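Comments concern the structure below.
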Amino acid sequence: MSMRFLIVDDSDLSQKVITALLNKLSIKSDCVSSAAEAYELLQNAHYDMVLMDYMMPDVNGIEAVEYIRNLSISDSESTYFSELPIIIFTADDSFIVEIEKHGKISGYISKPVKNEELLKLIKNFFPDYNTESCEPAKQGKFVIDGIDADPSECIDYLEIFSETADTIAQSIKVALQMNDISMYTIEVHRIKGEARIISANELSEAALELELAGKALNKSYDNGLNEEENRSLIKEKTSLLLEKLSKLKKDIKAYKENNGLSSKLTSTNSAEPVIADTEQYNLSMKKHDKIVRYLNYAIESIDSGNPGNAREWLVGIVDLLS
């Protein structure tokens, strides 16, 4: 029995982690970064399960599930979209009540996704599938300041985290310059989730506080502070968050250099979907949403009179296309 899952998450690190866990179970997977990409893939390939992040830049997981349930293909597979298991994963427990009461969602799993939780989920939906080969993740010792795990056991994920840190930091700076609290909240939420994956718990908690302040300003959460207090909190603590992020990135680099370690995951596990006959389609599916997002940030930077930021975003686009 061979299976293929679709992972929908705008976090490269989260994609890599889940892909690696599924690989240990001999389950193939394709990864996309937006709901729009997922809709297209689901109409061109057959999947046994969809694992979808709740909080994405375009729509939330519940809205995406609603759309998928209304998709249609050939009459011979008329029940495919209505019966396809769609699991929502989230790093925010406040969404769980809403997810649980939604009848079209098959279930949920908390982020960061843990080995044992993924195993339990698969056994529940596919009881005949052999999951005995998947060993529990090893627990290491405290080595890098700010990471409550042994870096040698998760060097792959640390490297991916380092590669995306500067882009996330730049997104946060642009969001503040534009006074775009929605974009700001999404980006600090991203730090919170990715920091949890690498056991950078102090950084994750700092990002959570700022995320809740952003949600309070967007009137989607009450953290007990008024608007002025939340804006002051964001102004004062965002710089501290970015300092923690920068220091962690430098410490990871130093640890790698001092121990002669390098990532194997990036070169051996591609998150690029393999469902079409042309390489051009695969490339666009993997990078299209990031290019569009960077382009929007560049335009916003130009409109705000900040050509330096715009130049950095355009350089990012060139890197994605090279």
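In this structure, K104 does not qualify as loosely packed, with under 15 Cβ neighbours inside 10 Å, modelled with pLDDT of 75 or more and part of a helix (DSSP H, G or I). Among residues belonging to region 208-227 that are acidic (D, E) and either open to solvent by less than 80 Å² (accessible area, probe 1.4 Å) or not in a loop (DSSP other than H, G, I, E, B) (or both), point out the one that is nearest to L176 (Cα to Cα). Across region 208-227, the extreme among qualifying residues is E211.
Would you say E163 is assigned to a helix (DSSP H, G or I), at pLDDT 80 or above and surrounded by fewer than 19 Cβ atoms within 10 Å (Cβ to Cβ)? So E163 fits the description; yes.
For region 20-59, the set of residues classified as more than 16 Å from K123 (Cα to Cα), among the β-branched types (V, I, T) and at pLDDT 85 or above consists of V32 only. Restricting attention to region 76-99 and to residues that are surrounded by fewer than 17 Cβ atoms within 10 Å (Cβ to Cβ) and under 15 Å from N60 (Cα atoms), the residue that is modelled with the lowest pLDDT turns out to be S94. Would you say L245 is modelled with pLDDT under 90, in a helix (DSSP H, G or I), touching a helix residue (DSSP H, G or I) at 6+ places or on another chain (Cβ under 8 Å) and open to solvent by less than 20 Å² (accessible area, probe 1.4 Å)? No, not satisfied.
What about S204, is it assigned to a helix (DSSP H, G or I), surrounded by fewer than 24 Cβ atoms within 10 Å (Cβ to Cβ) and not basic (K, R)? Criteria met by S204.
Within region 170-187, can you find the residues that are within 12 Å of the chain's Cα centre (by Cα) and open to solvent by less than 10 Å² (accessible area, probe 1.4 Å)? Within region 170-187, E187 is the sole residue that qualifies.
The values are calculated or read from the model by the stated rules, or taken from the named source; none is laboratory data. These numbers come from a predicted model, not from an experiment. Virtual Cβ from ideal backbone geometry, glycine too; neighbours counted across all protein chains shown. Calculation scope for accessible area: heavy atoms of the full protein, side chains included, ligands and nucleic acids excluded. Shrake-Rupley method; radii C 1.70, N 1.55, O 1.52, S 1.80 Å.
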